[in-house]
Structure formats: C-alpha cells, structure tokens
Amino acid sequence: MNPIVSLLIKGGRVIDPASGMDQEPADVLVLEGKIARVGCDLPAPAGARVVDASGRIVAPGLVDMHVHLREPGYEHKETIATGTRAAAMGGITSLVCMPNTDPPADNPGTLAWIAARARETGAARVWPAGCITKGRRGEELAEMASLAAAGAVAFSDDGFPVARAGVMRRALEYAGSLGRVVISHCEDPDLAGGGVMHEGYWSTVLGLVGMPAAAEEVMVAREIILARLTGQRVHLAHLSTGLSAAMVRRAREEGLPVTAEVTPHHLALSDAAVAGYDTSTKVNPPLRPQEDVEALRQALAGGVVQVIASDHAPHAAQEKEQDFDQVPFGISGVETMLPVVATVLVKSGLLAWSRALAAMTVKPARILGLPVGTLEPGALADITLIDPELEMVVDRDRFVSLGHNSPFHGWKLSGWPVMTIVGGEIVMDGRQLLS
Amino acid sequence: MAGLAARHLLGLAEMEAEEINLVLETARPMAGVMERPIKKVPTLRGKVLVTLFYEPSTRTRVSFELAAKYMGADTVSIAPATSSVVKGENLRDTVQTLEALGADMVVVRHQTAGVPGQLAGWLSRTVVVNAGDGMHEHPTQGLLDLFTIREEKGRLVGLEVAIIGDILHSRVARSDIWGLTKMGARVRVAGPATLLPPGLEKMGAQVYHRLEPALEGADVVIALRLQQERQRQGLLPSLREYAASFGLTPGRLALAKPDVLLMHPGPVNRGVELAAELVDAPCSAINRQVTNGVAVRMAVLYLLLGGG
Ligand SMILES: [Zn+2]
Ligand SMILES: [Zn+2]
C-alpha cells in the first residue's frame with residue numbers, strides 16, 4: 001500500500017507527556033512518517049490528508065512494554081500478526097514481546113526470526129525481549145550480547161522467575177554492561193506453592209490453592225538488594241501488592257535504579273472478582289485484595305510505579321474452558337488497556353490524562369531506550385487518537401486477538417482509541433482495522 | 001418459601017437459612033420412607049440422574065444413587081477417568097452431551113473447586129448438584145451434618161460446634177461453617193496452624209490453635225479426615241504428632257458437654273483423628289450420618305426435580 005505522504009491532524013487536544021504539552025486545539029503535521037510540526041492552525045500541505053480531531057485526544061502511540069505474542073510455538077493462542085493487530089485496536093503502536101515462545105528467544109536466531117516476522121506481518125512496532133537464561137531454566141545466562149545485537153531491547157525470563165539469586169546478580173551485571181534492562185517476574189516458586197489465586201479470605205471461601213503476597217514481595221526485596229549490589233537497572237514486571245510498591249518507593253528514594261510496572265487488571269480488579277470462578281480472572285501475579293489495588297493506584301499516581309503495561313497473555317478458548325486449576329494463567333489485555341485505564345483511573349479523577357498517557361508512552365520508552373513515545377518534531381509518527389467520551393461495552397467475543405480471555409467482558413468503558421497511526425500510516429480508523 | 005431459589009445446588013454459602021430449613025424439613029419424611037420395608041416412592045419416576053465423578057468416591061456416589069432409586073428415578077454413573085464416553089473431552093462438551101442425552105440432573109464430584117458452577121453455566125435445562133468440588137464445598141454433606149445435629153439435639157440455634165483438623169483442605173468444613181452459622185449455631189475450628197487457612201473468622205468461625213479450648217463445653221464435635229499426604233507436603237511433621245496434638249480421645253472429649261455428639265464425614269482414619277473406640281461409642285453419630293445422608297439427598301432431589 002502507498003503510505004500517506006502527509007497527514008494533518010487538526011483541532012485535537014494534543015497531549016505529549018514527553019514535552020509536557022497539553023494543548024487544545026492544536027494540530028499535528030506528519031510528513032514522510034515523521035512528526036513535522038505541532039502547533040496551532042497549521043496549514044495543510046498540498047495533497048495532505050486532513051483528519052478532524054476535534055473532541056479527540058491526540059497522543060503519542062501507546063507503548064506496551066509487556067506483551068506475549070506467542071509466535072513461534074503457540075500460534076493457536078496468538079500470532080505476531082493477530083497480536084499486533086489487536087494492539088493497534090488498543091491504540092498501541094509499539095510493544096515489547098516476551099521471549100517465552102517455543103523455542104524461547106534465548107538465542108539470536110530465534111530473536112532475529114521474531115523481529116523479521118514482525119516486520120513482515122506486524123501491524124505495530126515489535127521490540128523483542130530476549131531470555132535472561134538459556135531455556136528459561138534459571139541456570140546459565142543466555143548469550144545476551146548476541147541477543148542484543150539481534151535486536152533484544154531487554155531481558156526477561158517472564159513466566160518463570162530466576163529462582164537463584166546468584167544467577168540474577170550476574171544477569172544484572174552482564175545486561176547492564178550491554179545497556180539493557182532486566183525485567184523481573186517476581187515470584188518465589190516455593191512460596192507460591194502451586195497457587196492459582198491470591199491467598200486470603202477469597203481463596204479460603206472458594207477452596208482454591210492460594211499463593212501469598214509474600215511470594216512476590218520476597219523477590220521484589222531480593223531484586224532491590226541486587227540492584228544495590230550491582231548498581232545495575234532492574235525493572236519489576238506487573239507489581240501487584242502494596243508492600244511491593246512500598247519497597248520500590250524506598251529503593252527509589254535511595255536513588256537505586258529500580259523501575260516498575262502495573263497492569264490494568266491489577267488496578268481495576270480485586271481478588272473478589274474470582275468468586276464465580278470466571279477462568280479469565282486467573283492471572284499471575286494473582287488479583288489481590290482491594291487494599292492492594294488502592295495502594296497500586298496511589299503508587300502510580302505518586303510516580304513510584306512509572307509504567308502501565310498489559311501483560312497481554314492470550315489463550316485459546318478451549319484452554320479457558322477447563323477447570324480452574326488446569327486453566328493457564330493470563331488475560332488478553334491489549335484491546336482493553338487504554339479504556340480500562342481511562343475509566344478506572346482518569347474518569348474517576350485519580351490520574352490526569354497526561355499522567356496516564358505518560359505511563360503508557362514516554363515512561364516505558366525511556367526505560368527501554370526506544371525512539372518512540374513522543375510527538376516531538378523529528379520523532380517517528382506513531383500517534384493514537386482517543387475519544388474520551390466514547391462509551392462501549394467490552395465484548396470479548398469480538399476481540400481481534402485470538403485470546404478472548406478477558407475479565408472485563410460486559411464492562412462499560414469509556415475512552416477508547418479511535419485511530420492508530422504507525423510511522424505515519426493509519427492502521428486503525430473508527431474502531432476498524434485497515435487492510 | 002415455596003422452594004429453593006437457585007436451580008442448582010452448588011454450595012451452602014449461597015443458600016438462605018429458610019432454604020436450608022426447607023431441605024431439613026423435607027428430609028424428615030424421607031427418612032421415614034427409608035424405614036419402610038419397600039423403600040420406593042414414585043415421586044421422581046421418569047427422571048434421569050447422572051453421577052459424574054471425576055474423583056472417585058463410592059460412599060457419596062452410592063448415597064446419591066440410592067436416594068434417586070428410592071424415589072423412582074433412573075441413574076447412570078460415569079467415571080470420566082475410565083469412561084470412553086467422556087475421556088479426554090473437555091468439561092463443557094461432556095455436560096452438554098449429558099444434557100442432550102436427556103439427563104435431568106448431573107451430580108458432579110471434581111477435584112477442582114468451582115467445576116459444578118462452571119457446568120451449571122453451560123447447561124440450559126439439566127440441574128447440577130455439587131457432590132464435592134476441590135476444597136470448596138460439599139453441600140449435601142453439610143446439609144446431612146445439619147440434619148443429624150438437629151435430629152439428635154432438637155435444635156441448631158445456640159449450639160457450640162467444634163470442627164477439628166485439616167480445615168484448609170476440607171470442603172466439608174466450609175459447607176458446615178456456612179450452614180451452621182446461618183442456622184444460628186456457633187462454630188469453633190481447631191487444627192495445626194499450617195492447616196488453618198486465612199479468613200476463617202470472616203466466615204464466622206472462631207479459630208483455635210490448640211484442641212483443648214476448642215473442645216471445652218462443645219455440644220457437637222466434628223472430626224475431619226486427615227490425609228497422609230499432608231506430611232509429604234511439609235504441612236505436618238508426622239501423623240503421629242498430629243494424633244498426639246489433635247487426635248480425639250475419650251479423655252479429651254470429656255472436656256466437651258456430657259451429652260456431646262461426635263461426628264465425622266468418613267471414612268475414618270482410626271487412631272489418627274479419632275481413637276478407634278470412639279467410632280462406635282454411644283456419643284458417636286457417625287453411622288447415623290451415613291443413613292441421614294440418603295434422606296437429605298432424597299430431599300435435595302425432590303426439591304430440585306420434583307417440586308416443579
Ligand atoms: Zn510475568
Ligand atoms: Zn508476562
């Protein structure tokens with residue numbers, strides 16, 4: 001297809017958290033795939049396509065730093081094509097895909113294959129993460145330098161924790177020397193003890209095996225201590241408890257290079273949502289009690305947690321129709337991340353749009369060193385238009401993702417993306433994917 | 001109240017006290033049917049009940065099947081582990097097949113909590129009865145425990161009931177706690193700290209880490225079965241130490257009221273949770289629980305299948 005050479009997005013509320021801009025009305029001019037100018041009453045160049053953005057928020061394309069695309073190996077759950085199309089439906093223009101594929105991205109060949117496949121079939125930019133250890137076994141370090149050369153933007157054994165502290169220490173040192181961040185899935189497997197939900201009142205009532213908050217918290221403590229030991233950066237994935245957030249706050253006050261993310265589901269749902277045994281509420285880390293949900297919201301509002309990421313973990317419908325113990329963990333999240341955040345955090349008055357968008361654009365981009373997440377002139381023209389008033393009921397059966405495992409099914413949400421632009425090319429318009 | 005509010009019986013947590021009372025009242029004449037020389041009434045003739053037991057339990061399955069047969073219903077039993085009908089099939093396909101085959105009721109036992117509710121959500125006509133799901137609930141056991149206590153004691157309100165043992169893994173304990181507290185009894189639970197899950201107080205029980213204070217002045221003592229594997233799982237040093245700390249003996253039971261009623265959901269590990277001689281002691285209602293189980297299940301079947 002012919003990329004549109006120039007595009008003028010007129011009259012929207014332009015929010016660019018990277019520069020602190022929040023102006024309405026304002027125009028964004030895109031030339032040859034890059035942001036050319038942002039300002040008032042910009043003239044349309046000859047032949048430019050003009051998009052009326054009145055009543056819309058014009059933001060940098062969202063950056064989701066935690067996505068499972070499943071390809072290669074689990075194409076029945078998701079593919080790079082379907083997952084990036086789902087992301088585009090969610091206003092996401094850049095995503096980091098986790099390396100727990102089959103084979104895992106613990107070697108440069110697989111990682112390069114994923115990157116190439118994403119260039120061929122991806123509807124959004126894909127930035128692959130490589131494994132921390134070979135085979136995600138938590139024993140020997142993966143060839144991180146080669147992985148970085150092949151395009152790995154970060155390292156993670158996500159899905160599994162690195163159980164041995166000594167291995168994690170070496171991983172932080174080695175990755176740090178490559179200028180890459182390690183993303184830790186904080187879970188002590190022994191404490192987690194095969195649990196399928198949070199251990200507390202609801203696990204007792206429901207008769208499901210619980211995993212205590214401590215399973216996450218002891219690993220958060222360990223990673224912070226290792227960040228201090230090594231002086232290297234560590235990013236904590238999907239933080240889920242108030243104590244985890246408190247420890248991160250302390251570490252950051254001390255100046256340690258620790259960053260953290262939280263998912264929309266941990267911000268919106270408590271463990272009470274598991275009552276009724278909707279298998280879409282089975283997620284790791286598990287949904288926590290309401291006081292943790294409140295603490296996470298405060299941590300996000302206070303900047304202790306910088307990033308909102310979906311931890312998009314799609315599964316086939318058949319897999320979610322098993323009993324609760326058998327069902328795999330995960331929520332299909334890219335298509336609902338923005339409206340959940342908009343409804344639960346922004347509309348409720350807890351977070352300004354600029355702060356919410358920062359957590360999904362410039363913050364993750366900076367942690368990863370990605371050249372995206374801003375509308376500054378010269379930047380890649382990745383742009384998302386949001387209709388803050390658009391209200392729709394989530395229908396998981398109409399997801400673009402192959403994974404329909406969403407606990408938000410039937411929720412009325414507002415603040416949906418209505419246009420997604422990647423490199424100056426419109427990939428989603430009016431809630432419809434193009435091509 | 002004309003009948004049960006819900007179409008299925010999934011747990012006592014969802015039931016109102018009046019509904020529980022209705023089941024208990026309905027069970028009394030059923031117990032009478034069982035005492036007749038010919039134990040057969042035609043109330044459920046033409047109805048088909050399927051027992052679907054993913055986890056084997058001859059006692060509970062037979063109790064349901066006899067309850068159905070005494071009321072004239074036809075029964076089919078399926079053990080998915082061995083049955084070619086459903087082997088390897090997912091849950092949804094299995095129950096929808098049973099519904100298509102004409103089952104009026106599916107009585108399901110599963111090792112995972114929540115399965116009966118999941119099945120109920122996939123059915124449009126067939127009624128689901130939970131015969132025990134994971135550590136969640138065993139509502140007919142809970143109802144038969146309530147029935148037994150009320151028959152023996154004449155009331156439930158104000159009674160002190162102590163539940164002793166592995167509360168963490170016990171679906172019976174959960175159904176008993178819900179049912180007893182809704183009916184006005186006071187519930188105490190006692191066991192090793194490793195076998196007491198969080199949130200029991202919020203469910204309405206008083207928690208004890210030692211046996212003796214839990215037994216003091218109790219009207220009813222329910223001992224729970226202790227599985228051998230708790231030792232392998234690192235939850236107990238040994239069964240011997242468990243028996244020494246929490247095993248019920250005639251001497252310990254003397255702390256309870258003189259007319260204490262002793263119960264156990266069975267099967268009993270003699271010498272572990274109960275001293276062998278207690279099983280058949282005058283205070284023991286363990287055998288009557290088994291008999292009452294059939295009557296209570298007849299009442300449940302009648303209310304869910306026969307009422308409408
Ligand atoms: Zn993870
Ligand atoms: Zn993940």
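The values are calculated or read from the model by the stated rules, or taken from the named source; none is laboratory data. As the structure is a prediction and not an experimental result, all values here were calculated from the model. When we count neighbours, we look across all protein chains shown, and the Cβ atoms used for this are built from the backbone with ideal geometry, even at glycine. The protein model used for the area step is the full one, side chains on, heavy atoms only, and it has no ligands, DNA or RNA in it. Shrake-Rupley method; radii C 1.70, N 1.55, O 1.52, S 1.80 Å.
Measuring spread by the Cα atoms of the protein assembly as shown yields a radius of gyration and Dmax of 29.8, 100 Å. Taking Cα atoms only, the orientation of helix B:17-35 departs from the longest principal axis of chain B by about 80 degrees. Note on surface exposure: B:242, A:74, A:174 rank A:174, A:74, B:242 by accessible area, highest first, 1.4 Å probe.
Counting only protein heavy atoms and using a 1.4 Å probe, the accessible area of residue A:134 comes to about 80 Å².
Of interest is the spacing of the C-alpha centroids, which for the stretch B:244-308 and the stretch B:10-67 amounts to 18 Å.
Between residue A:229 and residue B:93, what FRET efficiency follows from the Cβ-Cβ distance if R0 is 56 Å, with the result rounded to 0.05? For residue A:229 and residue B:93, the calculated efficiency is 0.60. Residues of the stretch B:135-165 whose accessible area, computed with a 1.4 Å probe over protein heavy atoms, drops by at least 10 Å² once all protein chains are present relative to their chain alone are B:135, B:136. How far is helix A:80-89 tilted off the main Cα axis of chain A, in degrees rounded to 10, range 0 to 90? Relative to chain A, helix A:80-89 is tipped by roughly 60 degrees. As a fraction of the 1.4 Å probe accessible area of the protein assembly as shown, surface on carbon and sulfur atoms comes out at 51 percent.
Considering the convex hull of the alpha carbon atoms of chain A, report its projected area averaged over all viewing directions, in nm², one decimal. Display every interim value, and only then the final one.
On the way: hull surface 74.3 nm².
Its Cα hull, projected and averaged over all orientations, spans 18.6 nm².
Close amide H partners of residue A:306, meaning residues 5 or more places away or on another chain with modelled amide H under 5 Å apart, are A:260. Note on residue A:428: accessible area approximately 0 square angstrom, rounded to 10, probe 1.4 Å, nucleic acids and ligands left out.
Within the assembled protein chains, the solvent-accessible surface assigned to residue A:385 is about 0 Å², based on a 1.4 Å probe. Between A:209, A:28, A:341, the residue with the greatest mean-square fluctuation in the GNM of chain A (Cα pairs under 10 Å linked by springs) is A:209.
Compared with its chain on its own, the stretch A:195-214 contains the following residues whose accessible area drops by 10 Å² or more in the full protein assembly (probe 1.4 Å; ligands, DNA and RNA excluded): A:199, A:200, A:201, A:204, A:205, A:206, A:207, A:208, A:209.
Note on chain B: with a GNM built from Cα contacts shorter than 10 Å, the maximum mean-square fluctuation among B:179, B:121, B:11 falls on B:121.
Report, in cubic angstrom per residue, the convex hull volume of the C-alpha atoms of chain B. Could you put the intermediate results ahead of the total?
Numbers: hull volume 40.7 nm³, N = 308.
Cα convex hull per residue, to the nearest whole number: 132 Å³.
The distance from the alpha carbon centre of the stretch A:153-187 to that of the stretch A:359-396 is 26 Å, rounded to a whole number. Close amide H pairs (under 5 Å, H built 1.01 Å from N) link residue B:109 with B:52, B:53, B:54, B:55, B:131, residues at least 5 positions away or on another chain.
How big a patch of accessible area, both sides summed and in Å² to the nearest 100, lies buried between A and B at a 1.4 Å probe? Could the numbers behind the result be given before it?
Details: alone 15790 and 13040 Å², together 27260 Å².
Protein heavy atoms only, the A-B interface buries about 1600 Å².
GNM on chain A, alpha-carbon springs under 10 angstrom: the most fluctuating residue among A:415, A:424, A:369 is A:369. Per residue, the accessible area of the protein assembly as shown comes to 37 Å², computed with a 1.4 Å probe over protein heavy atoms only.
Put A:13, B:240, A:137 in order of accessible area, highest first, and with a 1.4 Å probe you get B:240, A:137, A:13.
Diffusion coefficient of the stretch B:125-284 by Stokes-Einstein, Kirkwood radius over Cα pairs, 4 °C, 1.567 mPa s: 83 µm²/s.
Between the stretch B:147-216 and the stretch A:281-349, what's the alpha-carbon centroid distance in Å? For the stretch B:147-216 versus the stretch A:281-349, the Cα centre distance is 36 Å. When all protein chains stay in place and ligands, DNA and RNA are ignored, the 1.4 Å accessible-area order of A:54, B:175, largest first, is A:54, B:175.
For residue B:73, the residues whose amide H sits under 5 Å from its own are B:44, ignoring neighbours fewer than 5 places away on the same chain, with H placed 1.01 Å from N.
Ignore the peptide's own chain and count Cβ atoms of other chains within 10 Å of each Cβ in A:317-325; give me the average, rounded.
Values: counts 1, 3, 1, 0, 6, 6, 13, 9, 7.
Per residue, the average neighbour count from other chains is 5.
Per-peptide packing, taken as the mean over residues of other Cβ atoms within 10 Å, places A:233-244, B:128-139 in the sequence B:128-139, A:233-244 from highest down.
Filter the cross-link list A:282/B:202; A:34/A:320; A:282/A:363 down to pairs whose alpha-carbon distance in this structure exceeds 31 Å. Please report the intermediate quantities before stating the final value.
Details: A:282/B:202 23 Å; A:34/A:320 42 Å; A:282/A:363 28 Å.
Going by Cα-Cα distance, A:34/A:320 fall outside the 31 Å limit.
Computed packing ranks the peptides A:405-413, B:253-261 as A:405-413, B:253-261, most packed first, by mean other Cβ atoms within 10 Å.
How far is helix B:139-153 tilted, in degrees, relative to the longest principal axis of the Cα atoms in chain B, given as a value from 0 to 90 rounded to the nearest 10? Orientation of helix B:139-153: about 60 degrees from the principal axis. Among residues other than residue A:130 with Cβ under 9 Å from its Cβ, the summed charge is -1 (Lys and Arg +1, Asp and Glu -1).
Our helix-only sum for chain A, with -39,500 (n - 2.57) per DSSP H run of n ≥ 4 divided by its residues, gives a mean residue ellipticity at 222 nm of -8000 deg cm²/dmol. Computed over chain A, relative contact order equals 20 percent, with contacts defined as Cα pairs under 8 Å that lie 6+ residues apart. Restricting to Cα pairs below 8 Å that are 6+ residues apart, what does the relative contact order work out to for chain B? Please round to a whole percent. Relative contact order here is 20 percent. Taking residue B:47 as the anchor, which aspartates and glutamates have their alpha carbon closer than 12 Å to its alpha carbon, excluding any fewer than eight residues away along the same chain? Straight-distance partners of residue B:47: B:74, B:104.
Counting Cβ atoms of other protein chains within 10 Å of each Cβ in B:196-202 and taking the mean gives 5.
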